[in-house]
Structures are given as structure tokens and as C-alpha cells.
2 protein chains.
Amino acid sequence: MMSSLQHLNPTVKGIRESAHSGLQSLAAHVTQEIAQGVQKPFKEVIDISSGDPHKAGMKPISFVRQVLAVCLHPELLGNKTLPLDVRLRAQRLLEVCDGGSVGSYTDSSGIPHVRQSIAEFIMRRDVGVHSHAKDVFISAGSQRGLMVILKLLASGEGDTQTGVLTPRPCPHTLPTLLDDAGVALVPYQLMEDRGWAVDLSELHHALKCGRGGCNPRAIYISNPGTPTGHVQDWESIEEVIRFAAAERLLLLVDEVYQDSVYGQGKEFISFKRVLFEMGKEYSGTVQMVSLHSLSSACMGECGLRAGYMELVNMDPEVTHFVDTMLCTDISSPVTGQLALDLMVNPPRPGDPSNDTYTQATLSQNAQQAHEFLNDLPGMSSQQAKGGIYLYPRLHLPSEIIEKAKELEVEACVLYCQMLLKEEGVFLGAGCQNGETTGKHYLRLCILVPADTLEEVLARLASFHLRLMDMCPYPDRGVKGRDIGDTL
Amino acid sequence: MMSSLQHLNPTVKGIRESAHSGLQSLAAHVTQEIAQGVQKPFKEVIDISSGDPHKAGMKPISFVRQVLAVCLHPELLGNKTLPLDVRLRAQRLLEVCDGGSVGSYTDSSGIPHVRQSIAEFIMRRDVGVHSHAKDVFISAGSQRGLMVILKLLASGEGDTQTGVLTPRPCPHTLPTLLDDAGVALVPYQLMEDRGWAVDLSELHHALKCGRGGCNPRAIYISNPGTPTGHVQDWESIEEVIRFAAAERLLLLVDEVYQDSVYGQGKEFISFKRVLFEMGKEYSGTVQMVSLHSLSSACMGECGLRAGYMELVNMDPEVTHFVDTMLCTDISSPVTGQLALDLMVNPPRPGDPSNDTYTQATLSQNAQQAHEFLNDLPGMSSQQAKGGIYLYPRLHLPSEIIEKAKELEVEACVLYCQMLLKEEGVFLGAGCQNGETTGKHYLRLCILVPADTLEEVLARLASFHLRLMDMCPYPDRGVKGRDIGDTL
């Protein structure tokens, strides 16, 4: 039985407690208070702690939703108020569903037609580098795909336990995932003062440290960087590939925000494209998994749960087990799979439904938030070039840091708790992104309507200035009111 | 790296090879041959090896599809050609989605409103026995929920390895799942001659045998039985509960076909209902997980991927880890979650969309197939009372059995391969259902249109009679043509 924790799977018991779920509960509590009529200086909690654009008020792409509506209810094929390309595409997609229904199972690795569409998309993106549908695996979100790979890698214990080199900071969902897979997290530091660039000597340093306690077998890279907003250039990618090749590490490349590079003079370059320009010595040997997702900036269809991974240079015997493990999910959600087809194959200019995505909101928000945050005392933000987050640093007064110690929470979490209670703004705490260096950071998603961002920044400034006023910098030696008041 | 199998996770390497995937490849191959113009005595492969009703041509419930179409494309709220109750329900469901969009993430354990709907459904079903939304966990299919529980249970190795008492025959997806979780399968035999009933002495026998090699900590029960079609009565359920209580086993109850009991005088009785009539001694202590699914007979929405489990008497500390593990999926597909709400809360008599499900097809198909199969020489079928499968026994000629040995496949798999090649009918092989007793069985899904079933039975009879003719019963000592001809 499971009457006590004593007999639970030790790996499961080892999954770290996420500070995020504590903040989520607090946000739910504050929301409930408002509903119950408790007076607050704000009308609602605004949550921009995670990338959830529709929740924040971003609108879905009509073409996607129209096609899916027709696929669900095919009688709409005859509805002439819907654009012709919508109905034609829906008809085509229904043809690739068994029994012409989104209610049928699909192959565990995805609908063959969609896998083919994805492979063709990758080839176009990578200027002709070959991609094969058989190497593309669809899953219920990119996180599920990553989990399958991590589970395959997991083995050993103590200094033989599989380790994964992981950026610091990393996506806030990653540490829990590594724990769940039973894999050790080996951090490598990103360079804040260089806009969070990847640094080769840090990779070597991390690998060396990691090898003392585990067996590092893979390196995780997020490009564009979550939550840093860094976009790697060709040279940096080449450097990482050479490193992985020399050290025989599997490359786990999170490229889910490949559609959202907005920094001036920046473009998205895939690891695969660089790999295949490095010559056969690399392109024929370096093993790589590249992840993409329907929760990308352009689509933002997080709730439909679909993503894919492309495996490069993977042994067919290993690929076989990827398939076997996806089989235990039976199949991925069909509406999500069909939406993936629309993501990689959107309407073309001239088609009736050419409501293409504009990166303007993201780019403007990034610039505005960056400038605003840097103007606040005790806050500094690197300029993001891509992705959907900013990750500013907090220079906190010693009172806050001491109070946090007393309360046994991270100082960044205490900051987020206070901000939530006093201003109804829910931001992410840097410790969730794997921060362990004693520095303090915040995480905010900027893929939100411009007026929402303005509201968030105004509330944040109000709280932050109050906090700074009552807790001045230690070197000024002035004491403000007790911060315990707000807790 | 993952350059060889050598360094793969040993648990993953231990996942058994499913005979089903081999047959699936063969079916795909035959289908491809037809597309390429190869002459066959049939126009298409009919696959009734698994429960995939829409693939087989069953129609989805319009109400469900209409509501989901509106949720995806809310402009349809103004479309008056859609019934009023459809639009009202869609509006209500959109209100419970963050940001009013199915594109937003939900809580990892599901949308609170849907969990509440499910709890209310369970209370109505169990004639008032309390159910709480906090004990209901939604996942991307019931299989995902089950996997989370199995992963929690998994620990130890050798004779301390967690074991799960598992019916023989069991659902064909279960053995792989147990392997993937790293849990040992301890079979208990169901009683074929009593319509595949659960037998108490078999449970004791299995437990005793199991304890020699592992640590059995749970018992899996499928009711209505997959693939047996058995429906447990009150006494049988009580017996199993007493057994689980005495032996301190967690009850894992697969009740996904609770909506499809059609045997005369039979009704579905939930384990929970019985448990709560057995008095506090049981209802306050026996730990239970009950599974239900959107892939149920009535909905058949397999492709939308949603299911739920209700936890009974689970320690809150353990429940916490259920939540933690579901968190690694981030959230379940939203369209599926909304469809669950429609499943547990369908239109009422008098509502515009009262196209209620009729069990007539299932009941008629079960009766027809049962009689037909029993009339064939060398085939015997128990009468199904519920669920969506028949599981007839094959009495195979010795030539087939010897040929199978020579080819190193199970005889039932060889039978299915030949049937697929010669008649284009894809049935499941009993060995996939955990058969290890040397007997041979077939599995066929009967939730298909009546004319499809007729076609399947005609082709099956044609093949079977041919096989029986060329390979007469061993005691008749007549030798037919070499069966290798058809391979």
C-alpha cells in the first residue's frame, strides 16, 4: 500500500519542492480573497510568472482555431462564412486522421503526415539540410519528449549516475523534470555581463566539477535562452558543438522559442544547421535532440499540448526505445498534432487567412520593460534578443535577506510573496531557475498585451520603490519600517 | 551519449517487445501494398485489434463536437444554426479556461470546475457516496494516471521489487506499462469457464507465488473486464476488497468501460460504492485508485487524450507526490478536459441536444459475434456482459503450433499474421494480453458498425475454415497443404 512515504519510489521522493507551487497557492489564495470581497489595492492578480500568453490576454491565431473547429465538427466544412483555405486545410487534415475523426488514436510517434510536414519545415528553415519524418517524434508537449530522452539516459547511482550539464539560469520547469527522471543536474554558469552568453570555459569547468559526483552524458542548451533572452550566434553554437563532440555529450537543444528572435541584427540559427556545415566529422557523429513546441511564441497554444523533437545521429536501436516509451502514452492529443501541422505550414501571402504573426508586441515589450526595470534602483536587466522572458537581477537590502533567512525562504521568493500580496503581481523567483549563487533574480513573461505589461510595471515599481525606501541600501545605514508588517 | 544500448536505462531496456507493434507494422505493410496496386482478395485492412471506435467508423456524439468547436473558435457562439444548449455550455466552459482560451495551461491536476463536475458525477453514480474534487486527478488519458501511480509504487529490486497482481488475461497495453514503471507483473488467472470471473483462491495462489520473487503491493482489477467482457457482481467485488484489505494491497481499479454494461440483468457497480457499504473498517482504510477515460465506449474520444482517477483513502503526503508527478506533464490537453466535463454531465432529456448514446450496437454485436464464433470449429467464445471486446479461444491444429515454434513466434501471433495477409483482418493476439499458459486466444473489438463486424466475421470464417481444413485436428491425423505457403 502507499500508507506512508516510507515505501514510495525513492526517485519520486527526491523530486525537489518547487518554490513555484508555493507562489501559485498564494496567488490562488489572494484571488479567492478578492472574490470574497476582501479589500485590496488592486482588482485582480496578474500572473506573468510563466509563459502562458493566452491566459495573459494574447489572442490565438484565427486560422488555427477555425481549422481545428472544422476538424472537430466537420459539418462546418459546408459553412461558407469560414474562409475557403480554412475549409480546404481542415478537409486535408481530416483525411490524415484514421476514420476521418480527431477521436481516433494515432501512431505513438505522431500522424505520419504531420511528421512529414515538420521534416519539410525543418529543411526549409535550415536552408536545405536534410530532415526525415522518421526522425521526428511528436509528443504531448516538448516536455514529454524531453522526459523520454532523459529517462533513456538515466542510469547508475552515486558517481556513475547520469548527469546533464544545465545552464544557470535554466527554464524553471527543468530542475523538477531532471529529478523526476533520476538524472543529476550539473550547472554551467551563463555570463550575465555578456547578455547571458554561453561561455566555453564555464562548460569545461562545469564538466570537470560534475565528473567528481556523477557521469555527465548530455548538455542542455536553451536557444533563444529561457529565461535569459540570449540568442546564440553561429560561432557560439559551433563552439558548443565542438565541446559536445570532444566530450562525447548528447546535445539536448531547447529551440522552442525559435520563432521569437527580435533583437536587432539577430536571427535564429538552429544547432542542426550549424552542425551540418561543420563537415562530416561532426555532422555524421554528434548526437542531438532538438525540441520545438506548439507553446511557442507565435502560436501560444499551450493548452493543446503538442511538441516535437528531431533526433540527429541517433542509433536506430536507441530510436526504437524512444518509440517504445512514447507507446506508453498511446498517442499524443490529435487537436494538438493538427495544430503543429498548421504551425509549420501556415497560410501563405495571398491566401485568404494570412493573419501572420507579428513580433512587434514582443520586441516593443522587451525594450520597454528593459528600460523601465533598469531605471529602478536596486534592479538591473540585460537586454533580451529573443524568447519571451526578461530575467532582471535584484540588489536587495540586507533587511530583506535577513528576514528571508529567518523565514527560511529564498530572498527572491520573499520578494515575490510580498509583491503578490501588496500589488497582486505574480512574477517568477530566480531560485526556480536553478540560481544557487546567492544572487537574486526575477522572471517575467513579456508575451502579454502592452497594457497588461504597463500595469505590471507600474505595480512593480510602486512596490519596489516602497521596499527600497523602507529598506535602504545597507551602506546608507538607514532603517525603514519592519518588512514583517506586510507578511 | 546514447551511441549504443549498453548505457541505456536498464529499466527501459527491460520493456518487453510487444507483439502488437509487429502486427501493426505488418498491417501498415499490407495497406501500403494495396495502395501500390498489389492485387489482394480484399480492398482494405480492417483493424479491430484495439478499442478505437472512431477509426472503425463509429460516429462521435454531435453535442460533444459542437461544444468543442465553439470553445476553439468562440465566434461560433453567435452561430444560431448551432443548438442553444451547445452554445450555452461552450460559454460556460470558456469561462473556466484561464483567459477564456483553450490555449492556456491548466492546473496540472486539471481544471477545478471539471474536477468538481467529475466528483458530482461519481456521487450520483454511487448513490450518494461522497466524492471530493481534490481527490480527482485529470491526466492525458487514464494510462498516464495509472503510470503516475505505478511510478510512485516502484521501488526495490529482486525479491523487494514492487509487484502488481495482474489478471490473466489483462488489457494488452498493461504489461508494457508495468515494465516501463519498473514493476513486476504477478499474474492471477481469471476463470474462463465461469465467463472469466475473478476467483478468490486464484488471488491467494498468485499472491503466494508472487511473494517468492517480489513484493506485491497492489492488485489491478479491470471491471468490466478488458478483454474478457466479464462484469463483476456485488459479492465478487466485496471479496476482492476483503482480500486487498487483509493483504494490505492497493486496489487499482480500471473502470474505463463502466458505461458499457449490456449483459441481461447486469449493471455496473463501482468498487467505491461497495467499499462504502462495507462499513468504516473498510471504507476508512482500504486504499483505492479508480480510473475512467474519455476513450470509454460512449464517447470513444481516444484522440482527445483525457482520463481521470479518483484516489480513495490515500495519505495526503502521497497525494502530494501524485500532483508533483503530474506537474512534469505541465497540464493535460484542454479540449480533452472539457470533453470530460461533457461526458460526466451530458445533455438531459428535453435539452435540444439529447442525442444520447445507445448501447444497442454493442449489445447486438456482442451477441452476434459470440454466436458466430462459437459455431466455428476450433473456436470457443465466452459471452461478454460488458466492455468492448470479445476474447475467444483458439484450438489450433498441431501444424500451426509447430510452425510457430519453428518461426519463433507465438501461435496466436502466427494466426493473426496469416489472417492479416490472407483476409486483411487485423485482430489482437492473446499473448499480448499476458497469456502464458500455452492456450491461444484472439482479441476483437466489437464497438464497430454492424456491417463492419459482419465483414470481419465473414473474412475471419473464410480464413479459419480454410486453415482448419488444411490443418485438421491432430487426432484425425490428416495433413493439409503446408501453411508455410501463406507466409
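The values are calculated or read from the model by the stated rules, or taken from the named source; none is laboratory data. Since the structure is predicted, the reported quantities are computational estimates derived from the model, not experimental observations. Positions of Cβ are generated from backbone atoms using ideal geometry, with glycine treated the same way; all protein chains shown enter the neighbour counts. For accessibility, only protein heavy atoms count, side chains too; no ligands or nucleic acids. Shrake-Rupley method; radii C 1.70, N 1.55, O 1.52, S 1.80 Å.
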Accessible-area composition of region B:105-344, carbon plus sulfur, in percent [1.4 Å probe]: 49 percent
Accessible solvent surface per residue of chain B, calculated while the other protein chains remain in place, 1.4 angstrom probe, Å²: 37 Å²
Shielded by partner chains, region B:104-128 residues - at least 10 Å² of accessible area, 1.4 Å probe, vs chain alone: B:104, B:105
Buried on assembly, region B:165-184 (at least 50 Å² less accessible surface than by itself, 1.4 Å probe): B:180
Counting DSSP beta bridges with both ends in chain B, the antiparallel % (nearest 5): 50 percent
For region A:14-63, residues shielded by at least 10 square angstrom of accessible area compared with the chain on its own, probe 1.4 Å: A:15, A:17, A:51, A:52, A:54, A:55
Rounded to 5, percent antiparallel among DSSP beta bridges of the protein assembly as shown: 50 percent
In order through region B:263-280: 3J(HN,Hα) via Karplus (6.51 cos²θ - 1.76 cosθ + 1.60), integer Hz, x for Gly, Pro: x, 4, x, 9, 9, 7, 10, 7, 4, 5, 4, 4, 3, 7, 9, 8, x, 4
Chain A, relative contact order in percent, only Cα pairs under 8 angstrom and at least six apart counted: 21 percent
Nearest-first distances (nm) between copies at residue B:77, label 7 Å from Cα via Cβ: 2.9
Helix axis angle, B:411-423 relative to chain B longest principal axis, alpha carbon, degrees: 90 degrees
For region B:55-198, alpha-carbon Rg relative to the globular expectation (2.2 N^0.38 Å, N residues): 1.43
Accessible surface buried once A binds B (1.4 Å probe; total of both sides; Å²): 6700 Å²
Selection from B:289, B:121, B:349, by position along the positive dipole direction of the protein assembly as shown (Cβ): B:349
Degrees, to the nearest 10: B:142-153 long Cα axis against longest axis of chain B: 90 degrees
Alpha-carbon gyration tensor eigenvalues x 5, square-rooted, for region A:234-284, Å: 22, 12, 9
Theoretical FRET efficiency, 1/(1+(r/R0)^6), r = Cβ-Cβ of residue B:34 and residue A:398, R0 51 Å, to 0.05: 0.10
Listed pairs A:40/A:403; A:55/A:272; A:405/A:439; A:43/A:421 exceeding 21 Å between Cα atoms: A:40/A:403; A:55/A:272
Degrees, to the nearest 10: B:234-246 long Cα axis against longest axis of chain B: 80 degrees
Within straight-line cross-link reach of residue A:13, aspartates and glutamates at Cα separation under 13 Å, skipping those fewer than 8 residues along the same chain: A:179, A:180, B:317, B:323
Inter-copy spacing of residue B:323 label points, which lie 7 Å from Cα along Cα→Cβ, given in nm from shortest upward: 4.0
Viscosity 1.306 mPa s, 10 °C: Kirkwood-radius Stokes-Einstein D of region B:105-344 over Cα pairs, µm²/s: 89 µm²/s
Label point 7 Å beyond Cα along the C-beta direction, distances from residue A:284 to other copies (nm, shortest first): 7.3
